[in-house]
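For reference, the structure is listed below as structure tokens.
The values are calculated or read from the model by the stated rules, or taken from the named source; none is laboratory data. Computed from a predicted model, the values in this text were never measured in an experiment. All Cβ positions, glycine included, derive from the backbone under ideal geometry; neighbour counts span all protein chains shown.
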Amino acid sequence: MPGLKVRDLHTYYGTSHILFDVSLEIEDRSTVCLLGRNGAGKTTTLKSIMGLATPRSGAILLDDLEIGGKSPVDIARLGVGYVPEERIIFPDLTVRENLEVGEKTAPSYVVERWSVDAIYGLFPMLEALDGRVGAYLSGGEQQMLSIGRTLMGNPSLLLLDEPVEGLAPAVVSALSTQINRLKKMGLTILFSEQNLAFSEAIADRVFIIESGRIKYEGTFADLNADAGLKHRYLAVG
Amino acid sequence: MEFGFDFVFPQLMAGISRGMLLFLVAAGLSLIFGVMNILNFAHATFWLLGGYIAYSAFTAFGPPSGANPLLVIPATAVAVAALMLLGFGLERVLIRRMYGREVPEQLLLTFALVLIIGDLIKLVWGVEDRSVFLGLPPAVIFGAFINIYYLVIIAVGLAVLAGLYWFLQRTRFGRIVRAAVHSREMVEALGIRIATIYMVVFGLGVGLAALAGGVVLPLTPLALGADIDLIVQCFAVVVVGGFGSVIGTFVAAILIGVTYSFAIFLWPDGALAIIFLFVIAVLVVRPWGLFGTELRT
Ligand SMILES: Nc1ncnc2c1ncn2[C@@H]1O[C@H](COP(=O)(O)OP(=O)(O)O)[C@@H](O)[C@H]1O
Ligand SMILES: [Mg+2]
């Protein structure tokens, strides 16, 4: 079955054990949210999938191909796109140049390949900033550029680490519309989030992580019906 | 001594051409540090080795004195090709092991290269100074006598500046290099193989040093130990210009070259001291260098 499967992941930073038995299953072309408080292990989970953190045990299967243990470069070239929490825009490069760096000479995993113009179509705000250098972008602009840059590599699976963290409400709603468009285009998306409202607006299913362990897996309907669960693991009860 | 135009103008030209030499060597040093975070203490030693190889190539084509001046071109090409290959090879087997290591360890390893290459030069070319003499007539510009070869060096320096600028700003490879200055991890996460980029940048930097070695051959005799003098001044250039900035390296190289050229006349023993006073003054005002950015980590 295509999609992403993560099985019994244990990840360490040095000697500190961060992820315990993390398992996730994301169906092809679905959008899934990894919810959890600060320090719960969301970033570590996404970095483990991307090969930026090395799990000590467990398996990561992308369309039934084992990608655990591969380098980030190889994982990216197999069609995984990663948008880091810090966005990491190249400050000396213009908006267009940042996007162009995202192109890669690897097979495309989407039917229609992305171009700078197509990215500007998705994020019209960026088009007006075409020649501006990355150092002078607002948080929302950086986030759109970071997503656009990753899309330029034509990934089939998109990993977004807290895409709306610290952004103004208007930008958050714009991003939620835009991510929904990506979803409709057939991308498989796994994103992390602390806020229930935003994730509900785009995700089909939700996993809750707490202290490096998966505590819940299911639909938002079931989660909303369980006030105790929400209170225990999420910022707002 | 008369400090009129007849003194100042030739001295200025000498200083600018010395600045071009500093630029050619420091540009690679700065690029390698900016992109790969490697402080290459052996960079000027590659310049010296390039000079000796160019010397051998030149004398293989003609006598060291009075030969066709155009022989400098193939001689320099041989040196650049040889040193670029050496650069690619060294990056593969040696430098690659230094990524992410502490600066003292890098200095130790690259200083070992200084000693090894120095001994190699002694073995192959001996301890005597080596030079070629072109016997070009001086040019008369604004009534002052100028070594015409200064103009060649200045032209080469400007061409390299333009070429590097074009490469970094206008090519895909250059964009990736500038991106890698900021974040190697992000570049890799975008599916770009950074190992290739690093190898090319290192080889290119070493090749530029060899270019300088070949081009200044008719102007300065090759001498053992000249690399140590030069590397110290190149560090000064890179610090003043701001690490990773090509334009900054260029401006700083010219400033320091000209300062040196006048200082050596006015106070021969204190010329280096004057350069370092200048470096300190710049660092007090702009700790990140003239063209470096505060943003860079
Ligand atoms: N580089 C690191 N070294 C050691 N511990 C880390 C490192 N990065 C994160 N941690 C720890 O791992 C845990 C999970 O962090 P993280 O995955 O960043 O959580 P989240 O993204 O959910 O906020 C936290 O307790 C954090 O302190
Ligand atoms: Mg995080």
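Is it the case that B:GLY89 is over 12 Å from the mean Cα position of the chain (by Cα) and assigned to a helix (DSSP H, G or I)? The answer is yes for B:GLY89. Restricted to region A:179-237, the set of strands (runs of 3 or more DSSP E) holding at least 1 residues that are within 15 Å of the chain's Cα centre (by Cα), in contact (Cβ under 8 Å) with a residue 12 or more places away in the chain and over 16 Å from A:LEU157 (Cβ atoms) comprises A:188-193, A:205-210. Exactly one residue out of B:LEU29, B:LEU70, B:LEU49 is assigned to a helix (DSSP H, G or I), of a type in the set (A, V, I, L, M, F, W, C) and more than 13 Å from the chain's Cα centre (by Cα), and it is B:LEU70. Take A:SER138 and decide whether it is within 16 Å of ligand 1 (Cβ to nearest atom), away from chain B (no Cβ under 14 Å), in contact with a helix residue (DSSP H, G or I) (Cβ under 9 Å, 6 or more places away or on another chain) and on the phi < 0 side of the Ramachandran plot. No, not satisfied. Restricting attention to region A:71-112 and to residues that are touching a strand residue (DSSP E or B) at 6+ places or on another chain (Cβ under 9 Å) and more than 10 Å from every other protein chain (Cβ to nearest Cβ), the residue that is modelled with the lowest pLDDT turns out to be A:TYR109.
Among the residues of region A:19-42, how many are within 9 Å of ligand 1 (Cβ to nearest atom) and crowded, with 20+ Cβ neighbours inside 10 Å? Number of matching residues: 6.
When the strands (runs of 3 or more DSSP E) confined to region A:9-122 are screened for residues that are of a type in the set (Val, Ile, Thr) and more than 16 Å from ligand 2 (Cβ to nearest atom), those reaching at least 2 such residues are found at A:31-35. Where helices (runs of 4 or more DSSP H) sit wholly within region B:115-200, those with at least 3 residues that are of a type in the set (A, V, I, L, M, F, W, C) and either touching a His at 6+ places or on another chain (Cβ under 9 Å) or within 14 Å of chain A (Cβ to nearest Cβ) (or both) occupy B:172-182, B:184-189.
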